[in-house]
Amino acid sequence: MMRDVLLKTAEAERAVKDEKKHSIRICTAASCLSCGAEKVRKAIAEKVKAAGREDTAVAGVGCMGLCAKGPLVTVDGPETMYAEVTEEDAADIAASLDNGPVERIRCDTTTPFFQRQEKIVLENCDRINPERIEDYIAADGYLALTTAVLERQPFDIVDEIVRSGLRGRGGGGYPTGLKWSTVAKAPGPMKYVICNADEGDPGAFMDRSILECDPHRVLEGMAVAAYAVGASEGYIYIRAEYPLAVKRLKLAIRQAEKMGLLGKNIAGTDFSFSIDIRLGAGAFVCGEETALIASIEGQRGQPMPRPPYPAESGLWDSPTLINNVETFANIAPIIRKGADWYAAIGTETSKGTKVFALAGRINNTGLIEVPMGITLREIVYDIGGGIPDGKAFKAVQTGGPSGGCVPASLAETPIIRSTTNLCRSSDRSWGPAA
Amino acid sequence: MNVRIVTLSIDGRDVGAREGQTILEVAGENGIEIPTMCNLTGLKPIGACRLCVVEVAGSRKLLSACTTGVTEGMQVTTDSERLRNYRRTILEFLFTEGNHTCAVCVSNGKCELQELARKLGMNHVDVPYRYPRRDVDATHPRFVLDHNRCILCTRCVRVCDEIEGAHTWDVMGRGIDSKVITDLHQPWGSSTSCTSCGKCVHVCPTGALFEKGHSVAEMAKRRQFLPYLSTMRGAKE
Ligand SMILES: Cc1cc2nc3c(=O)[nH]c(=O)nc-3n(C[C@H](O)[C@H](O)[C@H](O)COP(=O)(O)O)c2cc1C
Ligand code: SF4
Ligand code: SF4
């Protein structure tokens, strides 16, 4: 597919949207779905139809963040949000298009939970339908990939990522650009790109949410990576416990292939890259890169001593680039907006934003994206809304089993990719650092 | 071939080594003994048992000597109170995880696990014994596999795959339920891939694999055949 086709699709899609005066969006990510979002969506669609409002689009979209208060619904943008919506509220919401917001179920979006966040990875989540590639394209989707393959050299792309300062979001925090350049330099007729979507850390749902809400973003990131390092095949290793994410990924891959954005001769060039899905059976250790590779090969999922690193000898002994879901989700915006834009966000040593899943004894459980350098206290009290029932905040656990516990006394330390560490075990994880 | 030489210190002694060698190899060449269990010269090192862990200056983690390559200026400590504690604890786990009744074992007095326990001064066990229920497979005409004494070192798996080329053995199950199996978990006697060469039996460090016809303390493994492994492997590479 040529780029003008892409641009035309985007334009046509935007034109359709512009025709509608109103848009009602219902979160259909796993958490809201589990408390009845699909029924709510149907009920609202019916009421809107019954009212003869052809000027209103009703769409299921991705995660809106405040999972604790699902199902969530927005009307004409994120400012008017309704929480804990039921089917009975559908009539009121439909009527609100004329009568003004339904204050009874309205959710205050002026709180720090909404205002203190900065969204790059999750930028599309609350506004696009994850099951429609046209929605993603209308949000500048696949622009980074087509620009890369049509106008830029692979080394140039690697350089852009190096300069952005992006570090891996899978726990190790390894500089992504450096990893890419190692794989790009590794000799071999066959190279692979793997997306690590195993997400074994209990309570974590960042990667799942990204895949459920904006699967094309990850595919695009992988394809750009493949172009940059010279790979022609890719795998997404995802746990079978994420059926909705798997379903949406499969659909997204098919849609992208149909439009010539994946598969043979991407965007009409001689660059080809195909992506396959491999399901993990849920072993925590299979998130570790060498165990993950063994698992894809059909071997027992068990780590192997490194070196050799996958960049040198990975899947089927070929040079392999393995990155986390969130890492790939950062790629398209970096290519679109440039390394300097990205490097200006965050701190000196940690660039960009980080997605966190807030879980456990905290008021606003949900999915957030914050700039690096924010303090733990801001996350727990401002964004997280503090501890339920006015109980005392004692500690947080970050970074999963390989992370550590940070006591309340260290709440003022900024969140960065920690180098000097507070907790002995968590130096390989995202967390607060002194 | 151009080989780079590096110098490092092991237990305060300056030693030279070829780049690409492991700490374990270099220590061995210089007469410094590091306890090992899953490692066997000639088989691919996997760093599984962690008995060969050493301290390396600048690294907070303990590193397995069998899989860590030497680097210029490296300072290695192979013996310390901390290391002795770790190693003894690992041994205790190995003993309590299976059923090791040495007094009635075919390998009594000829067992690497027992010998290491004696050497490292494991005179009692702090963790509770698990006494798991495990099977014995005596279906093979010449050999027996007694899971009770298996410590999952995977030497049998590796020798069969890397040297004999049959890949009869593998590991199935996870965590505490892991066990070695033949073919697709069929009785060893009905295995169609096993060539009955007996290499697995002789590399097995314990009495888990033994030849039929041996009684208590009679199963001496034929160690003289071990150097042959390195030669075979060398020829393969
Ligand atoms: C025990 C263990 C579990 C891991 N689990 C995950 C995981 O679930 N997801 C993930 O992305 N990385 C996981 N990692 C890190 C990966 O090995 C690897 O570093 C990462 O996927 C690289 O991607 P990045 O450079 O984008 O961070 C794990 C590492 C270890 C040691
Ligand atoms: S295998 Fe070794 S340690 Fe185990 S019972 Fe036999 S002699 Fe004892
Ligand atoms: S049978 Fe022997 S060689 Fe095989 S894994 Fe068990 S202890 Fe090791």
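A few points about this structure:
- Segments A:385-395, B:186-196, B:110-120 sorted - mean Cβ within 10 Å per residue, highest first: B:110-120, B:186-196, A:385-395
- Calculated on C-alpha atoms, the gyration radius of the protein assembly as shown divided by its Kirkwood radius gives an Rg/Rh of 1.03.
- Cross-link reach is defined here as a Cα-Cα straight distance under 30 Å, omitting same-chain residues fewer than 8 places apart; for B:LYS199 the lysines meeting it are B:LYS44, B:LYS110, B:LYS119, B:LYS179, B:LYS212, B:LYS221, B:LYS236.
- In angstrom, the C-alpha Rg and Dmax of segment A:353-424 are 11.6, 35.
- Options A:ALA57, A:LEU6, A:ALA90, ranked by Cα towards positive dipole end of segment A:1-116, top entry (Cβ charges): A:LEU6
- For chain A, complete DSSP H runs whose alpha carbons reach 20 Å or more along their own long axis and whose mean Kyte-Doolittle score is -1.0 or higher are A:3-19, A:215-229, A:243-258.
- Inter-probe distance in nm under a simple model that places probes 7 Å from Cα toward Cβ, at B:GLN186 and B:HIS167: 1.6 nm
- Segment A:20-115, relative contact order [Cα under 8 Å, separation at least 6], %: 32 percent
- The listed peptides A:286-293, A:184-191, A:119-126, ordered by packing as a protection proxy, come out as A:286-293, A:119-126, A:184-191 (highest mean of other Cβ atoms within 10 Å first).
- Extension gain for B:GLN224 to B:THR195 (0.36 nm times residue separation, less C-alpha to C-alpha distance): 8.4 nm.
- Listed cross-link partners A:LYS247/A:LYS351; A:LYS39/A:LYS250; A:LYS8/A:LYS42; A:LYS69/A:LYS391 are compared with a 27 Å cut-off, the Cα-Cα value being larger for A:LYS247/A:LYS351; A:LYS8/A:LYS42.
- Where labels lie 7 Å past Cα in the beta-carbon direction, separation of A:LYS119 and A:GLU54 in nm: 3.1 nm
- Rg and Dmax of segment B:1-150, both derived from C-alpha coordinates alone, stand at 18.0, 54 Å.
- Bridges between two residues of chain A, per DSSP, are antiparallel at a rate of about 50%.
- Each peptide in B:6-13, A:257-264, A:156-163 receives the mean, over its residues, of other Cβ atoms within 10 Å, and ordering these scores from highest gives A:156-163, A:257-264, B:6-13.
- Reduced Cα scattering model of segment A:108-194, Debye log10 I(q)/I(0), q = 0.15, 0.20, 0.23, 0.24 Å⁻¹: -0.85, -1.17, -1.22, -1.23
- Entry note, chain A: relative contact order of 17 percent, from Cα contacts under 8 Å with a spacing of 6+ residues.
- Cα lying deepest toward the dipole's positive end in the protein assembly as shown, options A:PHE113, B:THR78, A:VAL325, charges on Cβ: B:THR78
- Cysteines in chain B lacking a second Cys C-beta under 4.7 Å: B:CYS52, B:CYS66, B:CYS102, B:CYS105, B:CYS111, B:CYS150, B:CYS160, B:CYS194, B:CYS197, B:CYS204
- Rough spin-label spacing in nm, given labels placed 7 Å along Cα→Cβ, for B:LYS119 and A:SER272: 5.5 nm
None of the figures in this text is laboratory data; all of them are computed from the coordinates on show. Everything numeric here is computed off the predicted structure, so don't read it as measured data. Counting neighbours? That spans all protein chains shown, and the Cβs are built from the backbone with ideal geometry, glycine included.
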